[in-house]
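Here's the structure, in structure tokens; my notes come after.
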Amino acid sequence: MSDHSTDLRNAALQSKILQGKRALIIGIANEHSIAYGCARVFRQLGAELAVTYLNEKSRAYVEPLAQELEASILAPCDVAREGELEAVFQQIRDTWGGLDVALHSIAFAPKDDLHGRVVDSSADGFKVAMDISCHSFIRMARLAEPLMTDGGTLLAMSYHGANKVVPNYNLMGPVKAALESAVRYLAYELGDKHIRVHAISPGPLKTRAASGLKDFDVLLSEAIERAPIGELVDIDDVGLTTAYLTTPFARRLTGTTTYVDGGLSIMA
Ligand code: NAD
């Protein structure tokens, strides 16, 4: 990125446009996580944060980041464990009494199913991938709705493999397609409450989840070669666009999938 472009990004981060906003962030595993980039930008723009970690093992990585982000709430949340997501929302109700933004930045598929053909995917693998990566977003929306009394924004991370075939994305393609469709239906159902719902579709980023995909390095090098902007996106880029979607600048936008990919997805 040029110095000028970096200066502009830093200038944008001086605004306190999210001051007074309360944001739940689900999906920080470490400092490379897309959710961490979003949380860092939200915080810099003035938001108060609630941060979750998957389990005790991941707590060691997430807790120092939550401290650095001055998170008001730090709670465990494995969406596959009954009651954990509900407990997070109860803590938000007890601490804040309301919520303005909820970010879902999680995905999972069992390894055999992720690495095999979609044709061969098991019913169980498909169910687990769909539950953790898609239906948990619907559950999150249901829990957020009564807390978003002044409207709000629900955000989910998707990927271009939802709409076009990306070799090795496999089972996650249909799962992300369902996620993007769910975003549209939730936007329709919650619109009258001024709860806006968005999918964000980042270009490839080197994270732990991405390292589970076969030949991910090829996707990264192709992104640099083929994207009109000619550079990889970073987690702060995703954070800035995601933050924009929560602001009044985007108050008439809902149900969209916004690409943050340097234009990669427009290429044939
Ligand atoms: P990451 O590994 O940093 O984050 C994935 C997160 O999912 C982790 O925090 C993990 O704890 C969480 N998770 C998995 N199972 C869970 C469960 N049962 N309950 C709660 N949390 C669970 O990787 P990332 O790349 O930052 O992924 C975040 C999101 O971004 C995912 O939805 C991913 O599909 C999407 N995405 C990633 C890329 C990329 O290239 N990295 C591109 C587009 C979209």
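The values are calculated or read from the model by the stated rules, or taken from the named source; none is laboratory data. What you see is a predicted model; the values in this text were computed from it and never measured. FYI the Cβ positions are ideal-geometry reconstructions off the backbone, even for glycines, and counts take in every protein chain you see. For the accessible areas, the whole protein counts, side chains as well, though only heavy atoms, and no ligand, DNA or RNA atoms are used. Shrake-Rupley method; radii C 1.70, N 1.55, O 1.52, S 1.80 Å.
Of the helices (runs of 4 or more DSSP H) lying entirely inside the range 1-109, the ones with 1 or more residues being within 16 Å of the ligand (Cβ to nearest atom) and among the basic types (Lys, Arg) are found at 34-44, 56-68.
Applying a threshold of 9 Å to beta carbon distances and a minimum spacing of six or more residues, or different chains, the list of pairs starting in the range 48-70 at a residue that is at positive phi and ending at one that is more than 14 Å from the ligand (Cβ to nearest atom) and modelled with pLDDT of 95 or more reads GLU70/ARG43; GLU70/GLU48; GLU70/LEU49.
Residues in the range 168-184 that are open to solvent by 20 Å² or more (accessible area, probe 1.4 Å), in contact (Cβ under 8 Å) with a residue 40 or more places away in the chain and either part of a strand (DSSP E or B) or more than 10 Å from the ligand (Cβ to nearest atom) (or both): how many?
Here is the first cut: in the range 168-184, the ones open to solvent by 20 Å² or more (accessible area, probe 1.4 Å) are 168-170, 174, 177-178, 181, 184.
Then drop every residue that is not in contact (Cβ under 8 Å) with a residue 40 or more places away in the chain, which leaves 168-170, 174, 178, 184.
In the following step, the residues that additionally are either part of a strand (DSSP E or B) or more than 10 Å from the ligand (Cβ to nearest atom) (or both) were identified as 168, 170, 174, 178, 184.
Residues meeting the conditions: 5.
May I ask you to verify whether SER58 is over 21 Å from THR247 (Cβ atoms) and in contact with a Gly (Cβ under 8 Å, 6 or more places away or on another chain)? Here the answer is no, as SER58 does not meet what is asked.
Would you please name the residue that is least open to solvent (accessible area, probe 1.4 Å), looking only at residues in the range 240-256 that are assigned to a loop (DSSP other than H, G, I, E, B) and touching a strand residue (DSSP E or B) at 6+ places or on another chain (Cβ under 8 Å)? Quick ask: steps written out before the conclusion?
Kept after step one, since they are assigned to a loop (DSSP other than H, G, I, E, B), are these residues of the range 240-256: 247, 251-256.
Checking the rest, the ones that are also touching a strand residue (DSSP E or B) at 6+ places or on another chain (Cβ under 8 Å) come to 251, 253-256.
Details: ARG251: 139, LEU253: 58, THR254: 62, GLY255: 17, THR256: 45 Å².
Residue satisfying both the conditions and the ranking: GLY255.
Search the range 137-151 for residues being open to solvent by 10 Å² or more (accessible area, probe 1.4 Å) and either basic (Lys, Arg) or in contact with a strand residue (DSSP E or B) (Cβ under 9 Å, 6 or more places away or on another chain) (or both), and hand back the single one that is nearest to GLN90 (Cα to Cα). Before the answer, list the steps.
Within the range 137-151, the subset open to solvent by 10 Å² or more (accessible area, probe 1.4 Å) is 138-139, 142-143, 145-146, 149-150.
Keeping just the survivors that are either basic (Lys, Arg) or in contact with a strand residue (DSSP E or B) (Cβ under 9 Å, 6 or more places away or on another chain) (or both) gives 139, 142-143, 145.
Details: ARG139: 14, ARG142: 13, LEU143: 9, GLU145: 13 Å.
Top of the filtered list is LEU143.
For the range 190-221, the set of residues classified as touching a Gly at 6+ places or on another chain (Cβ under 8 Å) and not small (Gly, Ala, Ser) consists of LYS193, HIS194, ILE195, ARG196, VAL197, HIS198, listed by residue number. Restricting attention to the range 191-220, the residues that are within 12 Å of the ligand (Cβ to nearest atom) and of a type outside the set (Asp, Glu) add up to 18. Which of the residues spanning the range 44-72 are touching a Lys or Arg at 6+ places or on another chain (Cβ under 9 Å) and within 15 Å of LEU103 (Cα to Cα)? Answer for the range 44-72, where residues must be touching a Lys or Arg at 6+ places or on another chain (Cβ under 9 Å) and within 15 Å of LEU103 (Cα to Cα): ALA47, GLU48, LEU49, ALA50, TYR53, ALA71.
Just the residues that are in contact with a strand residue (DSSP E or B) (Cβ under 6 Å, 6 or more places away or on another chain) and in a helix (DSSP H, G or I), please, taken from the range 185-194. Of everything in the range 185-194, those that are in contact with a strand residue (DSSP E or B) (Cβ under 6 Å, 6 or more places away or on another chain) and in a helix (DSSP H, G or I) turn out to be LEU186, ALA187.
Matching residues to (1) touching a strand residue (DSSP E or B) at 6+ places or on another chain (Cβ under 9 Å); (2) open to solvent by 40 Å² or more (accessible area, probe 1.4 Å); (3) of a type in the set (Ser, Thr, Tyr); (4) under 25 Å from ALA177 (Cα atoms):
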position: GLU56; (1), (2), (3), (4): yes, yes, no, no
position: VAL62; (1), (2), (3), (4): yes, no, no, no
position: GLU70; (1), (2), (3), (4): yes, yes, no, no
position: ILE73; (1), (2), (3), (4): yes, no, no, no
position: LYS111; (1), (2), (3), (4): no, yes, no, yes
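Yes/no matrix, rows are residues, columns are (1) under 28 Å from GLY20 (Cα atoms); (2) out of contact with any helix residue (DSSP H, G or I) (no Cβ under 6 Å at 6 or more places or on another chain); (3) not aliphatic (A, V, I, L, M):
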{"residue": "LEU171", "(1), (2), (3)": "no, no, no"}
{"residue": "LEU186", "(1), (2), (3)": "yes, no, no"}
{"residue": "PRO202", "(1), (2), (3)": "yes, no, yes"}
{"residue": "ARG208", "(1), (2), (3)": "no, yes, yes"}
{"residue": "ASP217", "(1), (2), (3)": "no, yes, yes"}
{"residue": "LEU253", "(1), (2), (3)": "yes, yes, no"}
{"residue": "GLY262", "(1), (2), (3)": "no, yes, yes"}
